[in-house]
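Participant: Let me begin by handing over the structure; questions about it come next.
The values are calculated or read from the model by the stated rules, or taken from the named source; none is laboratory data. Computed from a prediction, not measured in an experiment: that's the story for all the values here. Ideal geometry is used to build each Cβ from the backbone, glycine not excepted, and the neighbour counts take in all protein chains shown. Side chains included, ligands, DNA and RNA excluded: accessible areas come from the protein's heavy atoms. Shrake-Rupley method; radii C 1.70, N 1.55, O 1.52, S 1.80 Å.
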Amino acid sequence: MSAGLAAMRTYDFDLITIGAGSGGVRASRLAGGYGARTAIVEQSRVGGTCVMRGCVPKKLLVYGAHVAEELEDARGFGWSITEADFNWPALITAKNRELERLEAIYERILRENRVQLIRGSGRLVDAHTVEADGQRVTAERILIACGGWPSTPEIPGIEHVISSNEALDLMSLPKRLVIVGGGYIGVEFAGIFNALGVEVTQVIRAGAVLRGFDDDVRECVTHDMEQRGVRLIRESEVRSIEKTGEGYTLRIAGSDTLLETDLVMYATGRAPNTAGLGLAEAGVAVTETGAVVVDEWNRSSVESVFALGDCTDRVQLTPVAIAEGRAFAETFFHDNPMTVDYRAIPSAVFSQPPVATVGLSEAEARRRGAIDVYVSRFKPLKHTLSGREETTLVKLVVDAESQLVLGCHMVGPDAPEIVQGLAIALKCGATKADFDATVGIHPTAAEEFVTLRDKRPDHPARAAE
């Protein structure tokens, strides 16, 4: 086709998005609101992983699990609560009702911004054409926002396991559960099921949970999980799984001992959900894991094809996908070029107790230069009466020369709520002196961040990392 004919070509839409998760919906509704003719293709539920299979339903189950802890702690405050009864199916039913409400809101937002919802499994036919269950539509730009999907290793018996997707919809609680994987998903579900009375065993490859987080955080969470009754099998891998009349048996590498359980859940990572999208046929470059390769403007190797969110395997967090969706729409449909700043992105693990972090871990910061480290571990005021053996951890990582705060880390109740505010301070370039000059709110755990005075002495092994 000549340049002149290409310029005259008309398309059905200005934008077609494949995937109606948080990032895809944000990009599409903004583009539609800016006047672009927009469609979004989705084969499952509108809302994507976060709203339907991740953050939201999981957090609702976390709230339910915390009630068990509050009931235990109540005795220390003079309360005698008898005949408390937990109904797991009732919690799941209430959770599902809330997801239906949220999905209806998402669908309405799309309608209000004149975004056409196309039901079906979308794939690229060429650089400007998408096919969804036999229907072909064209667009000037195509956005891939198909998210990620749980990945499992190829071992004998892997067909017997469930992922976090199915764990959210169980209609009965198992008596025994083995969770394989020590990342944030495995840790969160271990906390939920353990709090609700399930006998939880967790198999992890490392010596502590939450690989990639600050080492003090990992040690603290690992200790607290075991204190709460989660059995951890460290530095281990599952070799095979077999179904029995009573449930399942798992063989651990290097051992002849079999783990017996009623249910096996794998939480060993997620992979870009790009299989079957026709990316290779359309000339879109992907990594070995299937992640779409994009530049800072979310553009792929094909000029008219873009991607964002978990399918690009940059930072797998819902707010990041939403930020990328906004940046894409602003840049290409509102004449307001914008990119996402990936520095100092806060994150949380809704474990029990929860974790929150922003900025660099101690190990990451040490690789960049000399640092000062401030750490405090203390028993929360609440537990002086509840009797619960649990400590809170707060930690600051500071550049030794400039005194810029490089990282904030916390394990303990309300950690995500507290660290969200600290993330603003890091974005503004706060120094340790700024923290020191801030008056704390007493009595709170949060005030520890502005009352840390004593640097932790550098151990030779730590400094040499």
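Participant: Taking ILE92 and the conditions (1) open to solvent by less than 10 Å² (accessible area, probe 1.4 Å); (2) modelled with pLDDT of 95 or more; (3) over 17 Å from ALA167 (Cβ atoms), which numbered condition does it fall short on, given that it satisfies the others?
Facilitator: ILE92 satisfies all of (1) open to solvent by less than 10 Å² (accessible area, probe 1.4 Å); (2) modelled with pLDDT of 95 or more; (3) over 17 Å from ALA167 (Cβ atoms) except (3).
Participant: Related question: Run ARG367 past the list (1) touching a strand residue (DSSP E or B) at 6+ places or on another chain (Cβ under 8 Å); (2) farther than 22 Å from CYS146 by Cβ; (3) not hydroxyl-bearing (Ser, Thr, Tyr) and report the number of the one that doesn't hold.
Facilitator: Unmet condition: (1).
Participant: For the range 181-254, give me every one of the strands (runs of 3 or more DSSP E) that falls completely inside it and has 1 or more residues that are under 22 Å from CYS55 (Cα atoms).
Facilitator: Counting at least 1 such residues, we get 199-203.
Participant: I'd like the residue in the range 391-412 that is part of a loop (DSSP other than H, G, I, E, B) and modelled with pLDDT of 95 or more and, out of all such residues, is most open to solvent (accessible area, probe 1.4 Å).
Facilitator: For the range 391-412, the residue satisfying everything is GLU401.
Participant: Also, I was wondering about something else. Scan the range 113-147 residue by residue and report those that are small (Gly, Ala, Ser) and touching a residue at least 24 places away in the same chain (Cβ under 8 Å).
Facilitator: GLY120, SER121, GLY122, ALA127, ALA132, ALA139, ALA145, GLY147
Participant: Which of (1) over 30 Å from GLU281 (Cα atoms); (2) open to solvent by 50 Å² or more (accessible area, probe 1.4 Å) does THR152 not meet, given it meets every other one?
Facilitator: (1)
Participant: Can you find even one residue in the range 431-443 that is open to solvent by 60 Å² or more (accessible area, probe 1.4 Å), of a type outside the set (S, T, N, Q), at pLDDT below 95 and over 19 Å from ILE371 (Cα atoms)?
Facilitator: No, there is no match, as no residue in the range 431-443 is open to solvent by 60 Å² or more (accessible area, probe 1.4 Å), of a type outside the set (S, T, N, Q), at pLDDT below 95 and over 19 Å from ILE371 (Cα atoms).
Participant: Filtering the range 17-39 down to residues that are touching a strand residue (DSSP E or B) at 6+ places or on another chain (Cβ under 7 Å), open to solvent by 10 Å² or more (accessible area, probe 1.4 Å) and in a loop (DSSP other than H, G, I, E, B), which residue is nearest to GLU330 (Cα to Cα)?
Facilitator: Once the filter is applied, the top-ranked residue is ALA36.
Participant: Would you tally the residues in the range 95-108 being surrounded by 15 or more Cβ atoms within 10 Å (Cβ to Cβ) and aliphatic (A, V, I, L, M)?
Facilitator: Qualifying residue count for the region: 2.
Participant: So ASP313 clears everything in (1) within 18 Å of THR451 (Cβ to Cβ); (2) in contact with a Ser or Thr (Cβ under 8 Å, 6 or more places away or on another chain); (3) among the acidic types (Asp, Glu) except one condition, right? Which one?
Facilitator: Failing condition for ASP313: (1).
Participant: Across the range 44-63, which residue is least open to solvent (accessible area, probe 1.4 Å) among those that are in a helix (DSSP H, G or I) and charged (D, E, K, R)?
Facilitator: Once the filter is applied, the top-ranked residue is LYS58.
Participant: Here's a follow-up. Within the range 435-460, restricting attention to residues that are in a helix (DSSP H, G or I) and touching a helix residue (DSSP H, G or I) at 6+ places or on another chain (Cβ under 7 Å), which residue is nearest to PRO416 (Cα to Cα)?
Facilitator: If we take residues in the range 435-460 being in a helix (DSSP H, G or I) and touching a helix residue (DSSP H, G or I) at 6+ places or on another chain (Cβ under 7 Å), then ALA446 is nearest to PRO416 (Cα to Cα).
Here's the yes/no breakdown for (1) modelled with pLDDT under 95; (2) open to solvent by less than 40 Å² (accessible area, probe 1.4 Å):
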| site | (1), (2) |
| --- | --- |
| TYR248 | no, yes |
| GLY254 | yes, no |
| LEU258 | yes, no |
| ALA267 | no, yes |
| ALA282 | yes, yes |
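Participant: Return only the number of the condition from (1) out of contact with any Leu (no Cβ under 8 Å at 6 or more places or on another chain); (2) closer than 21 Å to SER44 by Cβ; (3) of a type outside the set (D, E, K, R); (4) open to solvent by less than 10 Å² (accessible area, probe 1.4 Å) that LEU168 does not satisfy.
Facilitator: (1)
Participant: Hey, any hits in the range 109-126 for a residue that's open to solvent by 80 Å² or more (accessible area, probe 1.4 Å), touching a strand residue (DSSP E or B) at 6+ places or on another chain (Cβ under 6 Å) and at negative phi?
Facilitator: Yes, the range 109-126 contains at least one residue that is open to solvent by 80 Å² or more (accessible area, probe 1.4 Å), touching a strand residue (DSSP E or B) at 6+ places or on another chain (Cβ under 6 Å) and at negative phi.
Participant: Could we say that GLU69 is in a helix (DSSP H, G or I), modelled with pLDDT under 95 and surrounded by 15 or more Cβ atoms within 10 Å (Cβ to Cβ) here?
Facilitator: When the stated conditions are applied, GLU69 passes them.
Participant: What is the number of the single condition among (1) on the phi > 0 side of the Ramachandran plot; (2) free of Cβ contacts under 8 Å to residues at least 60 places away in the same chain; (3) not acidic (Asp, Glu) that GLY247 does not meet?
Facilitator: (2)
Participant: Scanning the range 370-390 for residues that are over 20 Å from THR451 (Cα atoms) and either touching a Gly at 6+ places or on another chain (Cβ under 7 Å) or open to solvent by 50 Å² or more (accessible area, probe 1.4 Å) (or both), which turns out modelled with the highest pLDDT?
Facilitator: Ranking the candidates gives ALA370 first.
Participant: So THR339 fits all but one of (1) of a type in the set (S, T, N, Q); (2) modelled with pLDDT of 95 or more; (3) open to solvent by less than 50 Å² (accessible area, probe 1.4 Å); what number is the exception?
Facilitator: The single condition THR339 does not satisfy is (3).
Participant: Ok, one more. Out of the range 171-197, which residues are buried (at least 22 other Cβ atoms within 10 Å of the Cβ) and within 21 Å of THR249 (Cα to Cα)?
Facilitator: Passing the criteria: LEU177, VAL178, ILE179, VAL180, GLY181, GLY182, GLY186, PHE189, ALA190, PHE193, ASN194.
Participant: Something else now. Give the range 241-255 a look and list any residue that's closer than 15 Å to PRO174 by Cβ and among the basic types (Lys, Arg), or say none.
Facilitator: Result: LYS243, single match.
Participant: If you scan the range 278-318, which residues turn out to be out of contact with any helix residue (DSSP H, G or I) (no Cβ under 6 Å at 6 or more places or on another chain) and without any contact (Cβ under 8 Å) to a residue 24 or more places away in the chain?
Facilitator: Within the range 278-318, ALA280, ALA285, VAL286, GLU288, GLY290, VAL293, ASP295, ARG299, SER301 meet the criteria.
Participant: Specify the residue that is farthest from the chain's Cα centre (by Cα); the eligible residues are those in the range 206-258 that are among the basic types (Lys, Arg) and under 18 Å from PRO156 (Cα atoms).
Facilitator: Here the residue is LYS243.
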